[in-house]
Amino acid sequence: MISKKFTGIIPPIITCFDKQGTFDEKAQRQLVRWLSKLVQGFYPCGTYGSGPLMTLEERKKVAEVVNEEKGSAYAIIHVGTSNKKDTIELAKHAEKIGADAVGAIPPYYYHYTQDQLIEYYKALVDSVGIPVFLYNNPDLSNNPIAPQTLSILADYGLAGVKDSAFDLVNFYNFKIAVKKPGFQFIVGTEAIAAGALDCGAEAVIAGLANCLPEFMEEFYNTWKAGNPIATGKKQLEVMQARDTLKLGQTLTMIYAILRMRGINPGYPRAPFKDIPQDLYNKAEAQLKEQGLLR
């Protein structure tokens with residue numbers, strides 16, 4: 001199977017809920033339509049997308065809505081769960097609805113050996129005919145992926161990796177270990193985007209792209225222009241905006257910043273809740289000072 005190329009800026013899109021915590025399909029469709037004109041792809045139902053807070057049926061519905069409204073963008077549906085059965089069920093559903101690819105965090109809560117994780121991902125790769133990405137997020141899965149494990153899975157048929165270890169050294173070691181031609185590397189944070197892109201990342205899954213997609217596109221275009229000084233300056237601007245995002249819980253801050261921009265994001269699902277007004281005001285002032293509220 002020859003995988004399509006997944007390049008550019010990808011928001012790990014949030015999921016819109018109403019005040020009662022029910023999926024707000026109307027708000028979700030509007031958000032995807034707005035973003036689809038400004039980004040290259042979508043990664044729904046992951047960390048920002050509240051995937052672990054939803055039932056399988058809810059996740060399937062969100063995947064359907066994002067895939068229907070993505071326009072010319074692509075969709076990598078996050079299907080990772082705590083167990084192989086549910087993960088494969090979500091992956092098969094994503095393939096059925098015409099999604100471009102799936103991604104999966106390692107099964108979480110328990111610690112697993114690298115051999116056990118290899119068998120898990122081999123089963124996922126075997127279950128579908130669309131590209132499968134491994135989502136490396138050691139902090140949330142408690143199961144870091146070793147470079148040699150990634151190499152073994154690449155040779156088996158894994159299409160790529162979304163690396164959210166927040167560690168350029170780890171990203172470099174992944175690049176060194178994997179020899180399979182066509183394997184695709186995606187960095188899972190805007191925090192180290194410049195360094196990762198310079199050594200071969202093909203896309204950036206950026207939380208900031210949920211609410212400041214034009215800004216992240218400016219960064220990406222600056223990098224593509226090939227001026228390292230300008231790119232470095234833009235990366236620092238990205239970090240400044242990210243510092244504002246980190247004033248509160250990043251997931252809930254995204255909803256607030258979208259409201260600042262006049263876009264209805266719905267509400268985060270409990271136990272998350274909207275940020276307090278004083279924090280909203282502080283974040284709004286900082287983003288205005290940086291010239292990012294348009």
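Some values worked out for this structure:
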| item | result |
| --- | --- |
| Within the range 108-192, percent of DSSP bridges classed antiparallel, to nearest 5 | 0 |
| Nonlocal amide H pairs with Ala101, under 5 Å, H built at 1.01 Å | Ala75, Ile77 |
| Formal net charge of residues neighbouring Gly262 (Cβ-Cβ distance under 13 Å; K, R +1; D, E -1) | +2 |
| Antiparallel %, DSSP beta bridges [both residues in the chain], to 5 | 10 |
| Restraint check, Lys70/Lys288; Lys234/Lys282; Lys122/Lys162; Lys26/Lys246, Cα-Cα greater than 25 Å | Lys70/Lys288; Lys26/Lys246 |
| Cα-derived Rg over Rh, computed across the range 51-145 with Rh taken as Kirkwood radius | 0.96 |
| Portion, in percent, of the accessible area of the chain that falls on carbon or sulfur, probe 1.4 Å | 53 |
| Net +/- balance of residues flanking Ala63 in space, Cβ distance below 15 Å, scoring K and R +1, D and E -1 | -3 |
| In sequence order, calculated HN-Hα J values of the range 243-256 (Karplus, 6.51, -1.76, 1.60; Hz; x Gly/Pro) | 4, 5, 4, 7, 4, x, 5, 4, 4, 6, 5, 4, 4, 5 |
| Length released on extending from Glu119 to Met260, taking residue separation times 0.36 nm less the Cα-Cα span | 46.2 nm |
| Cα principal axis extents for the range 175-251, largest first, Å | 40, 28, 18 |
| Eligible aspartates and glutamates near Lys179 by straight Cα distance, threshold 15 Å, same-chain separation 8 or greater | Asp155 |
| Whole-Hz couplings from phi, Karplus 6.51/-1.76/1.60, listed for the range 113-120; x for Gly and Pro | 6, 5, 4, 5, 5, 4, 5, 4 |
| J(HN,Hα) series, the range 76-86, from Karplus relation 6.51 cos²θ - 1.76 cosθ + 1.60, nearest Hz, glycine and proline x | 9, 7, 6, 10, x, 9, 7, 8, 5, 4, 5 |
| Distance histogram in 10 Å bins (all Cα pairs of the chain, percent per bin) | 6, 30, 37, 22, 5, 0 |
| Burial order of peptide ranges 230-236, 70-76 (average beta-carbon count within 10 Å, highest first) | 70-76, 230-236 |
| Heavy-atom surface of the range 186-294, accessible at 1.4 Å and reported per residue (Å²) | 42 |
| Among Ile97, Ile192, Ile77, residue whose mean-square fluctuation peaks in a GNM of the chain (springs only between Cα atoms under 10 Å) | Ile97 |
| Accessible area expressed per residue, the range 1-75, with surrounding protein chains retained (probe 1.4 Å, Å²) | 41 |
| Interatomic Cα distance distribution for the range 95-143, bins of 10 angstrom, percent | 25, 50, 23, 2 |
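The values are calculated or read from the model by the stated rules, or taken from the named source; none is laboratory data. All of these numbers come straight from a predicted model, not from anything done at the bench. Cβ sites come from the backbone with ideal geometry, for glycine too, and all protein chains shown count toward neighbours. Remember, those area values only see protein heavy atoms, side chains included, never the ligands or the DNA or RNA. Shrake-Rupley method; radii C 1.70, N 1.55, O 1.52, S 1.80 Å.
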